[in-house]
Amino acid sequence: MAHPFVTNADARSRIVSPSDPKEVKALFNSIAPQYDQLNSWFSFGQHLIWKQMAVNWSGPFPGATCLDLCCGSGDLARMLAKVAGDKGTVIGLDFAEEQLKRAEKIAYLKTGDNRVQWIQGDALAIPFDAGTFDSVTMGYGLRNVADIDKSLAEIWRVLKPGGNVAILDFHRPSNERIRNFQTWCLENVVVPVADRFGLYEEYAYILPSIERFPEGPRQVELAKATGFVHPVHYAIAGGIMGILVAHK
């Protein structure tokens with residue numbers, strides 16, 4: 001369904017291509033100022049619960065070295081830092097500079113310090129040595145990389161043996177009614193509201209990115225092929241979200 005204020009041709013021309021890294025980077029730079037507020041509205045505040053679930057499944061511990069990939073405004077990184085504590089190390093990595101600036105500002109406002117190191121970098125070429133991290137999280141990032149296999153391989157590389165990764169993202173529900181409801185909400189609620197903030201193309205991008213994203217069972221297969229052991233995909237929020245958990 002086209003947006004009510006644009007023609008079908010205009011809508012197609014304005015939607016970001018999920019496979020174009022430059023467009024995705026520009027998208028997340030532009031969305032940074034409104035990102036948290038819109039996410040809270042669209043998830044009815046539940047996104048923080050889902051993120052905490054991912055952090056818990058990634059297995060951080062006091063003194064751990066943790067990485068939050070595609071960290072955005074830093075919710076998961078700050079959650080990791082609470083567990084890792086003063087003796088731990090937490091890196092928040094994102095390729096969108098504006099997201100990192102916002103993450104650092106939010107962290108200072110919320111905690112009065114900055115226990116997280118914010119680094120600009122690429123999830124397809126993580127700038128750390130092999131076996132660096134005890135715990136890795138990724139929230140709404142794997143769906144946006146240009147090469148999912150390569151990103152998983154990079155995560156496997158930088159994890160220590162015995163480490164865990166937890167990847168939170170949108171998921172296409174297996175139930176057709178729920179899937180249709182997800183599509184309806186995105187087209188008739190999420191995108192029109194985002195358009196009022198001047199962010200039509202940024203949120204119209206979500207649906208095509210979900211459609212190209214592997215479903216849970218396929219994510220498990222990809223994780224196994226990468227070398228992870230005991231990968232499990234948990235469908236949450238009625239199946240519209242999912243968390244892939246895997247062990248090295």
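Among helices (runs of 4 or more DSSP H) entirely within the stretch 1-101, having at least 2 residues that are farther than 28 Å from Trp156 by Cβ, open to solvent by 30 Å² or more (accessible area, probe 1.4 Å) and at pLDDT 55 or above singles out 35-42.
Considering every residue within the stretch 212-221, establish whether at least one is hydrophobic (A, V, I, L, M, F, W, C), buried (at least 16 other Cβ atoms within 10 Å of the Cβ) and in contact with a Gly (Cβ under 6 Å, 6 or more places away or on another chain). For the stretch 212-221, residues hydrophobic (A, V, I, L, M, F, W, C), buried (at least 16 other Cβ atoms within 10 Å of the Cβ) and in contact with a Gly (Cβ under 6 Å, 6 or more places away or on another chain): absent.
Tell me which residues, restricted to the stretch 129-145, are among the small types (Gly, Ala, Ser) and surrounded by fewer than 16 Cβ atoms within 10 Å (Cβ to Cβ).
Within the stretch 129-145, Ala130, Gly131 qualify.
Within the stretch 180-190, being touching a residue at least 60 places away in the same chain (Cβ under 8 Å) and within 19 Å of the chain's Cα centre (by Cα) holds for one residue alone: Val190. The residues on offer are Arg177, Arg157, and the sole one that is without any contact (Cβ under 8 Å) to a residue 12 or more places away in the chain and either assigned to a helix (DSSP H, G or I) or over 26 Å from Lys224 (Cα atoms) (or both) is Arg177. The residue list Asn180, Asn114 contains one member that is open to solvent by 30 Å² or more (accessible area, probe 1.4 Å), at pLDDT below 95 and either among the aromatic types (Phe, Trp, Tyr) or within 21 Å of Gln46 (Cα to Cα) (or both), which is Asn180.
The values are calculated or read from the model by the stated rules, or taken from the named source; none is laboratory data. Values in this document were obtained by computation on a predicted structure and should not be read as measured data. Positions of Cβ are generated from backbone atoms using ideal geometry, with glycine treated the same way; all protein chains shown enter the neighbour counts. Heads up: the accessible areas ignore ligands, DNA and RNA and are worked out on the full protein's heavy atoms, side chains in. Shrake-Rupley method; radii C 1.70, N 1.55, O 1.52, S 1.80 Å.
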